[in-house]
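See structure below.
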Amino acid sequence: MSTAGFNSQNGTGAGQAYANGPSQNPVALQQLPGVSYGMTHQPTYNPMQAKAPAPPGPGLYPSGPYQPVAPVSSYQPGPPLTSYPAPPGQSLLTRPPMGGPPSHTPPQSASPSPGPRMPPAHATPPPPAVSSSSYYPNPQQQQQPMAPTWQYNTAPPPMGPHSPMSAPPRGPVANHVNPAVSSTALPPPSSAAYSSAPPAHVSHSVTQPPGPGMPPTSLQGYTQPGTAPPPMNPMAPNTYQPSRAPYGPPPTGPPPTMKPTLPPTGPPMANATPPPPKADGTVAGNGPQAPNSYNHVDNKLAGPPHPGPPGRHLGHYPSLPPGYQNTPAPHNATSPMHPAMQAATQPYTQAPRPYQQPPGGPGPAQLSPSLAAMSLQSSTPEALRVVNLLQERNLLPPNSIPAPTPCLPQDLQKINCNPEVFRSTLTSIPQTQSLLNKAKMPLGLLLHPFKDLSLPVVTSSTIVRCRSCRTYINPFVSFLDQRRWKCNLCYRVNDVPEEFMYNPVSRSYGEPHKRPEVQNATIEFIAPSEYMLRPPQPAVYLFVLDVSHNAVETGYLNVFCQSLLDNINALPGDSRTKVGFITFDSTIHFYNLQEGLSQPQMLIVSDIEDIFLPTPDSLLVNLNECKELVQDLLKSLPNLFEKTMETQSALGSALQAAFKLLSPTGGRMSVFQTQLPNLGVGALQSREDPNQRASAKDVQHLSPATDFYKKLALDCSGQQVAVDLFLLSSRYCDLASLGCISRYSAGSVYYYPSYHHQHNPAQVECFQKDLKRYLTRKIGLEAVMRIRCTKGLSIHTFHGNFFVRSTDLLSLPNVNPDAGFAVQMSIEENLDDMQAVSFQAALLYTSSKGERRIRVHTLCLPVVNSLSDIFAGADVQAITGLLACMAVDRSATASMSDARDAMTNAAIDSLTSYRQSVLTIQQPGLLAPACLRLFPLFILALLKQKAFRTGTSTRLDDRVFAMCQLKYQPLVYAMLMIHPTLYRVDDLTDEGALNINERTIPQPRVLQLSVEKLSREGAFLMDAGTVMYLWIGRNCHPNFLTQVLGVPSYAAVPDNLYLLPELDTAESQRTRAFISWLRDQRPFFPSLHVIRDESQLKPTFMQNMIEDRTESALSYYEFLLHLQQQISK
């Protein structure tokens, strides 16, 4: 990890190190005295550990040694091929005979390396060992403190000692009802922490043994204020040596000459998906904790500790005290069958009265016994059909790619969680970690938890939860009888509360299995008072506006003020809603909006080194009571600074002032910035060298230049303040540093490069639409999210914008419906006795109306014991999305070339595993199951994506913003940014059209991203997620030009056309209906650019033609040849 961004301390003095984004669970493998966690399971497949380094070559793919096979006649650089012909008489790519699977050297013991993983304050960690081209560790690298690794599916290593905080946490601790639990005091790490001798044993166990007197807080893995989670030890890489030579990234230079390849002749097989790599992250401690912490809510409702089944706390983090960890499991916790199977077969002897199974077979709460017998191998599904990628050219489906359906009984699958909300990279979970390692695919979840949905809302005085692991009752629990239910995560048997016997929907008594909580995988509860430890906070909106000369020149202030005036009555909130404004240049300007004033008062603070609030009580005002003053201010602001000549920007001081203003209540800070901050705290220097933008070498400065913005974000998070950043600039602004303010406070980043109210009208339209959505969308305040999973699985790394408050609790001062998250998982204990596992995400938040609510999503997936079943359940889009998150982290913590090589190797690994372990008949060619057929294409798309591309001029801020989006966007939107969709739109018809709200929406076919699919006679629409391009061919039919664009000829198409005219023609209505339908499917507003051959944007459009060769990147076919060569070694 770079010392600049991730080793900083929160506050001053020696605190614990913290990190965020991908955060390893600091308590996950903490070794308790005398307790074994069964770490003898197989080492996990780790695509981010390094293989033998290969010398990087120039160009897009820093290449390893690449030996082309015998030269051949068939491939010449030039126009893209329409097909992949095999010349007569030649067999396709010669390949050494395939042997058995590669031999594995026994893994070296994963003993904890000494020393803290995150260095103490002011310590400089040893530089990470960076290997340029792969995932497997060199034996020589075993002793290096922190090899940059992307471990798939594994929890972090055991912990070393942690340093105590030197000062108590700042800020309110109102929520910490139970501060009685203490940890043993630990000495601060000494310089010996990095030596090779192991440190003296230090116990991290809770000093008080569990018993009736112990507060239940310790059950929650909760870190009390004043203690720090122990830092990580360096990874001890596991050695894995394949029998083939280590492989590297694709080659560069002219296309390799190869012999063509024969079509496959074996039985059809199918579905698989590649593995995302895992980013190496570290985790966070507690900054100041603010009220409504989830931990206490959990504890308060848990009741006294029970001597019954210990179950497992929250996604199986072994963080319970030793007494809980070691209690022998009672019978009902270790039944030889899945609890649902057992429940379905055992007699209901203890029921107060006979419990009748609902008519029509088992209800949704009972997993059908037929699940045990279900296997994907009963017939070869489409997902496992064998595809020779070198022969089959048209792989893209005609429309969008659906998420794979888990192989569950139909009654369960009908009520399973919507894949748009909760999605796993593998829809069939392997029984063991060794089986997962063999599949060489990543296991993780992608979530969109606060998505705009219409969902059932339950108001109940009793929210039924497992007494042991605190899981919410859900459709996948099993009822043993009317009075008892068994948890589907920890298998504890719980009593059904009397209130739960009544069903408010049917108004009947005695059918708990028919209640809405047990019939819906996504549900929202209105939380009772036990879930509040202070009154719910009001919606508070503070706007922090750059008013320097540069800002006024862009013209953004007019657009902002007008948008807020237009939408001021639509701001989410109630009668308590508050607003405030701060403007800044080289000084900070506050606005007194107190009721009774005839006009707003501007108060200027010029001492930016020691910022203070001039009138603390009248700067944030009740919106309803002071609306006229607020409107007056918005009308006068643009004129107020019209003539300013002030060029400096004291952003850091403005943020400090805003933090002071919001701290007492919490709320949302919206920051608008147009230049590099250059004055006072947080001032930055330009780090971009424009001459290096197209460099094929590693990209520099992807990490923050200062930890000021991260520290401030963590302080904000502790006070329930989220910061959203709007960056509108034509010059470098160091988004890598400024973005931290949003990343760690659960905010979001909006970026408008080259924004100008006159010169760039498309950006202005985009800003207006985004701002309207931002101001009016729903908001969740003072939120926390926890993800739990079935006993045996564990979650260890998180991706997204948040702060990890304690082990597995994500702190989200604000949560918005457009935010996505991802987590990585490993299998800690064999799942031999289970037919299915479940995952549950619970989001506790305060609505803008002041209600405390809990949104719960539960996903159920089958457990399988064969590799072919694992491949058949692979979700290629989810794997690509998780891989992109890991690659972003790898780029910042190691290097861009490492991340690129790791992505390439992820495709090689999964296809090699498929070839060696699943295919029964070895055939020539590059073979993939049908479900993984798009994996190499998506990997190539990632390598050419703005975030990761090299050899093409890319502004540093553009690259960093692309990385932010990949980490933060929900999967469905991120995939459009990775692999855009291309449609021909000059011949739209109503055939196959959708009919939505009396509008006819044409459904043109999705085309491959290749120039060969373009034609000079047509018009083509490319949807790249945040932007759309309408490319007009030089010989486009005059009918399209006149009926859709309203121009007589090609030459008359304007240069900067970004709006389609509203013409009263069928063609115009169809085209506009299709574009607006695409736009309506996402929360942000993609701008539209109409481009011709002469347009400045044509190169950008062509860069998205992923399947074509460029000067610095391989074509899709060349990339496939490279993969085949590596797999055949």
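Structure above, values below:
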read-out: Leading residue by the ranking (nearest to residue 740 (Cα to Cα)) among those in segment 956-1008 that are touching a Ser or Thr at 6+ places or on another chain (Cβ under 7 Å) and not hydrophobic (A, V, I, L, M, F, W, C); value: 968
read-out: Residues of segment 932-956 classified as in contact with a strand residue (DSSP E or B) (Cβ under 9 Å, 6 or more places away or on another chain) and at pLDDT below 95, total; value: 1
read-out: Yes/no for residue 699 being surrounded by fewer than 24 Cβ atoms within 10 Å (Cβ to Cβ), within 26 Å of residue 945 (Cβ to Cβ) and touching a strand residue (DSSP E or B) at 6+ places or on another chain (Cβ under 6 Å); value: no
read-out: Any hit, segment 868-883, residues being closer than 30 Å to residue 739 by Cα, assigned to a helix (DSSP H, G or I) and acidic (Asp, Glu); value: no
read-out: Looking only at segment 459-493, and only at residues there that are assigned to a strand (DSSP E or B) and within 23 Å of residue 809 (Cβ to Cβ), the one that is farthest from the chain's Cα centre (by Cα); value: 465
read-out: Residue in segment 1049-1062 that is out of contact with any helix residue (DSSP H, G or I) (no Cβ under 9 Å at 6 or more places or on another chain), touching a residue at least 12 places away in the same chain (Cβ under 8 Å) and either of a type in the set (Asp, Glu) or open to solvent by less than 50 Å² (accessible area, probe 1.4 Å) (or both) present; value: yes
read-out: Filtered residue count, segment 380-419, keeping only those that are touching a Leu at 6+ places or on another chain (Cβ under 9 Å), surrounded by fewer than 16 Cβ atoms within 10 Å (Cβ to Cβ) and either under 16 Å from residue 869 (Cβ atoms) or modelled with pLDDT of 95 or more (or both); value: 0
read-out: Selected residue (criterion: modelled with the highest pLDDT) from residues of segment 439-458 that are of a type in the set (Gly, Ala, Ser) and either part of a loop (DSSP other than H, G, I, E, B) or more than 18 Å from the chain's Cα centre (by Cα) (or both); value: 439
read-out: Residue in segment 826-842 that is crowded, with 24+ Cβ neighbours inside 10 Å, touching a residue at least 12 places away in the same chain (Cβ under 8 Å) and part of a helix (DSSP H, G or I) present; value: no
read-out: Segment 1081-1115, residues that are among the polar types (S, T, N, Q), open to solvent by less than 30 Å² (accessible area, probe 1.4 Å) and out of contact with any helix residue (DSSP H, G or I) (no Cβ under 6 Å at 6 or more places or on another chain); value: 1095, 1112, 1115
read-out: Residue among 605, 540 that is open to solvent by less than 50 Å² (accessible area, probe 1.4 Å), over 27 Å from residue 750 (Cα atoms) and at pLDDT 95 or above; value: 605
read-out: Strands (runs of 3 or more DSSP E) completely within segment 978-1047 that count 3 or more residues being open to solvent by 10 Å² or more (accessible area, probe 1.4 Å); value: 981-984, 994-996, 1027-1032
read-out: Single condition residue 615 does not satisfy, out of (1) at pLDDT 95 or above; (2) in contact with a Leu (Cβ under 7 Å, 6 or more places away or on another chain); value: (1)
read-out: Checklist (1) of a type outside the set (Lys, Arg); (2) within 27 Å of residue 911 (Cα to Cα); (3) assigned to a helix (DSSP H, G or I) applied to residue 863, failing item; value: (3)
read-out: Single condition residue 530 does not satisfy, out of (1) farther than 26 Å from residue 660 by Cβ; (2) crowded, with 18+ Cβ neighbours inside 10 Å; value: (2)
read-out: Filtered residue count, segment 587-602, keeping only those that are over 38 Å from the mean Cα position of the chain (by Cα) and either in a loop (DSSP other than H, G, I, E, B) or surrounded by fewer than 14 Cβ atoms within 10 Å (Cβ to Cβ) (or both); value: 8
read-out: Long-range neighbours under 6 Å by Cβ, at least six apart or interchain, first residue closer than 13 Å to residue 856 by Cα within segment 436-464, second modelled with pLDDT of 95 or more and of a type in the set (Val, Ile, Thr); value: 448/421; 450/815; 451/421; 455/522; 456/523; 464/473
read-out: Number of positions in segment 502-545 that are in a helix (DSSP H, G or I) and of a type outside the set (Gly, Ala, Ser); value: 8
read-out: Filter result (within 27 Å of residue 895 (Cα to Cα), out of contact with any Gly (no Cβ under 6 Å at 6 or more places or on another chain) and open to solvent by less than 20 Å² (accessible area, probe 1.4 Å)) within segment 703-728; value: 709, 710, 712, 713, 725, 727
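The values are calculated or read from the model by the stated rules, or taken from the named source; none is laboratory data. Here the structure is a predicted model, which is why all the values come from computation and not from measurement. Every residue, glycine among them, receives a Cβ derived from its backbone with ideal geometry; neighbour counts consider all protein chains shown. Keep in mind that these areas ignore ligands, DNA and RNA; they rest on the heavy atoms of the full protein, side chains included. Shrake-Rupley method; radii C 1.70, N 1.55, O 1.52, S 1.80 Å.
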